[in-house]
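Enquirer: The structure follows.
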Amino acid sequence: GIRRPPADARVVHLDAVLAGRARARESDDQVTFSERGNIQGAQFHAVAAIVYERARERGLGHEIPRGWLLQDIRD
C-alpha cells in the first residue's frame, strides 16, 4: 500500500526550508517523509558529484571496494 505520514505530522515544504522560512527536523528523533514516492536516495544526486569532486581536489577520503555499492536484486 501507499505509505503516508501520521495525520498529526507537521508539514514543511523544501522551498520554505531552503529559503529560511521554515525549519525541517528540530531533533534527531524526528523522521522525514517524502511524498514523491519511490525515489530513495534521489535527493542526494544533486550534490553527490560536487562533494566527490571537492573531496578529491583536497586529497580527502579513500577508495572503497566497488562491491560495497552493488547488490543483486531479486523479485
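Enquirer: Please work out which one of (1) at pLDDT 85 or above; (2) hydrophobic (A, V, I, L, M, F, W, C); (3) not in a loop (DSSP other than H, G, I, E, B) is the condition ALA46 fails and give its number.
Expert: ALA46 satisfies all of (1) at pLDDT 85 or above; (2) hydrophobic (A, V, I, L, M, F, W, C); (3) not in a loop (DSSP other than H, G, I, E, B) except (1).
Enquirer: Out of the residues in region 1-22 that are at pLDDT 85 or above and part of a helix (DSSP H, G or I), state the one that is farthest from the chain's Cα centre (by Cα).
Expert: Here the residue is ALA16.
Enquirer: Please verify whether ARG25 is modelled with pLDDT under 90 and more than 15 Å from the chain's Cα centre (by Cα), treating the condition exactly as stated.
Expert: Values: modelled with pLDDT under 90: yes; more than 15 Å from the chain's Cα centre (by Cα): no.
The answer is no for ARG25.
The values are calculated or read from the model by the stated rules, or taken from the named source; none is laboratory data. Predicted model only: the values in this text are computed from it and were never measured.
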